[in-house]
Amino acid sequence: MSEPFRKLTPMGRANDEAAAALEEYADLFAMTGGDAFRVRSYQKAAKAIAGFPEDISKVDVRRVPGVGEAIAKKMEEFLQRGSFRQLDALRAEVPEGVRMLTRIASLGPKKAVFLYHELGIDSPEALAEAIRQGRLAGLRGFGAKTEENLLKGIEQMRQAGERVHLGVAMDLAERVMASLPADKIAYAGSLRRMKDTVGDIDILAVGPESLMEEFRRQPYVAEVIASGDRKTSVRTTEGLQVDLRVVPAESWGAAMQYFTGSKEHNVRVREMCVKRGWKLSEYGLFEGEKVIASRTEEEIYQALGMQWVPPTLREDGGEVQAALRGELPELVTAADLKGDLHTHTDLTDGIASLEEMVGAAAALGYAYYAVTDHAPNLFMQRMTLDKMLEQRERLHRLQDEYPGMRLLHGTELNIAPDGTVDWPAEVLKGFDVCVASVHSHFTQSREEMTRRFIAACENPHVHIIGHPTTRKIGKRLPVDADWEAVFAAAARTNTIMEIDAYPDRADLPSDLVRLARHHGVKFSIDSDSHAVPHLGNLRFGVGIAQRAWLTPDDVVNTWPVDRLLAYLTAH
């Protein structure tokens, strides 16, 4: 995948770790009967810390919005020793197995502790067995559909194992690469192919013999699994395995091709080599002892009579045949994106102000930028029409400060169970762009959910369906809908389907993007930013789009602003 042409400076790793600890504390506090208001304040503070653009280990954490004195003291203790007293106490009170229950999609902290106290269920395995034995029958809030979803969530967790979403893996890989004095270094494997989740990280390097020792000494290394001159495997403090391989400079291209995979793609390519009497390995493409190509991937594919295949396409999905015919598409890249059509501010659940978000977007060189705060039916946000109109005026005043970037005023609407959305038509007509998303009633039947989406597509004021499956990787299962019917309706009504680039959503996933494209649907790649650093997540959305073979013409926010606005107004 082409590297992004613009990149935000990442926030400090301390922010993520502190936010995760505070989020865990909020969950445990809720499980032990803690006050709901305080739980929400901890969750809000955790979100604010994660989205704060400065490293909290280097500034006063009290500067973070929503962090008062009590939370600040907890965070200061966490930064000193990796935990804090109240968190330690709750961890001791709630068994690890019960905490594991909360990682099951659709099972919250209160239900987890209820199952523990009522039925002694203290692990995901015990929950699955209790469901199979019918022990949950008759319990309030645990009907047949809930049991079905819990079993799906347990299976999803089992399959995921140690896998993490792309954002976590990318952050770790980039930290590893930045820490090592290599002559050349890059990540390979499923991370380079931009898969939604990653099981372990493969890093290739060209460098001195001392590189392995330097790797083993890094502070992110919790355990050395195996060590040698050419390969060292470690388990990091995040629990993720990282394999570092030192390869000869003359074999760089062959090693990158081999270790990027996928296995299925490599098998297909090697079959071609065998038919010619050639051999392809991580050391090069050989005819007998003669090296045909090895230094670059492009040389290897060229020697086989193929176009270079972008890593995001290497899944044995027809890319080899297309490359042999010279018919690979010109994939959309981060450099093609001209703007972002789904972002939030602190008017609703964002962390940064309108001015901060707009300024950050301008610094990224966008031609246009949409602010789409939540509409009133997401009750916790306390949105009103007066607040939204006041924001619109502020945005109009800001436009004079950014003559090179068109500012668009939008909203993220809520798709109700019957498919209707917030606000009447006369209000919706005043917005430049309306994103409509499902935020509740995730367990509707397939038929109900399908009708819900189609009704939203048929609303003439809805331009984009946001994060359509509603999934959160490892936390919430996707909704059940007849996507063929939904995408057919979207194509008929010119409704755009979003690729939400936030890495724990990655929604639409690439298989559904391909299906939607087959129906003629157009897409927007959006960050769904709630803080300035989130704007940098667009590269993950580009990875999804590339895996689905999308070109710039398929993605509306690669278009010039006049073409984009004409498409939106013609909806």
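Values quoted throughout were computed directly from the atomic coordinates according to the rules given, and no laboratory measurement underlies them. What you see is a predicted model; the values in this text were computed from it and never measured. Every residue, glycine among them, receives a Cβ derived from its backbone with ideal geometry; neighbour counts consider all protein chains shown.
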Counting other Cβ atoms within 10 Å, which trypsin sites (Lys or Arg not before Pro) in the range 134-242 have at most 11 and lie in a DSSP loop?
-> Arg140, Arg217, Arg230
Asserting the computed 222 nm helical MRE of the chain (DSSP H runs at least 4 long, -39500 (n - 2.57) per run, divided by residue count, to nearest 500) equals -12500 deg cm²/dmol
Check: the range 334-569 dipole with +1 on Lys, Arg Cβ and -1 on Asp, Glu Cβ, in debye | 440
Taking amide H positions as placed 1.01 Å from N in the peptide plane, with prolines and chain starts having none, which residues 5 or more places from Asp422, or on another chain, fall under 5 Å of its amide H?
-> Asn414
In this model, which of Lys47/Lys152; Lys47/Lys387; Lys145/Lys472; Lys195/Lys472 are farther than 25 Å apart at the alpha-carbon?
-> Lys47/Lys152
If you count, for each residue, the other Cβ atoms within 10 Å and average over each peptide, how do 315-325, 352-362 line up from highest to lowest?
-> 352-362, 315-325
Give the shape of the range 13-159 as rounded, prolate or oblate, defined through the alpha-carbon gyration tensor: a ≥ b ≥ c are the square roots of its eigenvalues, a/c under 1.5 means rounded, and otherwise the shape is prolate if a/b is larger than b/c and oblate if not.
-> prolate
Are there GluC sites (Glu not before Pro) in the range 111-205 that DSSP marks as loop and that have at most 15 other Cβ atoms within 10 Å, and which are they?
-> Glu162
In sequence order, calculated HN-Hα J values of the range 504-516 (Karplus, 6.51, -1.76, 1.60; Hz; x Gly/Pro) = 7, 9, 6, 9, 6, x, 4, 5, 6, 4, 4, 5, 5
If you plug each phi of the range 408-418 into the Karplus form 6.51 cos²θ - 1.76 cosθ + 1.60 with θ = phi - 60°, what whole-Hz ³J(HN,Hα) values come out, in order, with x for Gly and Pro?
-> 10, 9, x, 8, 9, 7, 9, 7, 5, x, 8
Backbone N under 16 Å from the Gln218 label point (7 Å along Cα→Cβ), restricted to the range 161-191 = 168-189, 191
Which ³J(HN,Hα) values in Hz, rounded to whole numbers, follow from the phi angles of the range 73-84 under the Karplus curve 6.51 cos²θ - 1.76 cosθ + 1.60, where θ = phi - 60° and Gly and Pro get x?
-> 5, 4, 5, 5, 5, 4, 5, 7, 9, x, 6, 9
Got a sec? How would Ile454, Ile473, Ile415 order by Cβ neighbour count within 10 Å, fewest to most?
-> Ile454, Ile473, Ile415
Residues of type aspartates and glutamates that Lys58 reaches as a straight line, Cα spacing below 16 Å, ignoring anything fewer than 8 places off in the same chain = Asp16, Glu17, Glu76, Glu77
What Rg and what Dmax come out for the chain when only alpha-carbon atoms are used, in angstroms?
-> 24.8, 76
Name the long-range amide H neighbours of Gly350: under 5 Å, sequence gap of 5 or more, or other chain; modelled H, no Pro or chain starts.
-> Thr345
For the range 416-571: rounded, prolate or oblate by the Cα gyration tensor [a/c cutoff 1.5] | rounded
Counting pairs of alpha carbon atoms under 8 Å apart in space and at least six apart in sequence, what relative contact order in percent does the chain give?
-> 12
For the chain, give the magnitude of the charge dipole about the Cα centre (Cβ charges: +1 Lys/Arg, -1 Asp/Glu; no others), in debye to the nearest 20.
-> 600
Between the range 200-238 and the range 328-404, what is the C-alpha centre distance in whole Å?
-> 41
Proximal aspartates and glutamates relative to Lys111, as straight alpha-carbon distance under 18 Å, when same-chain residues fewer than 8 apart are discounted = Glu23, Glu24, Asp27, Asp35, Glu93, Glu96, Asp122, Glu125, Glu129, Glu147, Glu148
What GluC sites (Glu not before Pro) in the range 222-298 are in a loop by DSSP, with at most 12 other Cβ atoms within 10 Å of the Cβ?
-> Glu289
Would you mind checking which residues have amide H under 5 Å from Glu498's amide H? H placed 1.01 Å from N; only 5 or more apart, or other chain.
-> Ile465, His467, Ser524
The alpha-carbon center of the range 517-571 and that of the range 405-430 are separated, in whole Å, by 19
Is the shape of the range 474-532 best called rounded, prolate or oblate, per the rule: a/c under 1.5 gives rounded, else a/b larger than b/c gives prolate, else oblate, with a ≥ b ≥ c the square roots of the Cα gyration tensor eigenvalues?
-> oblate
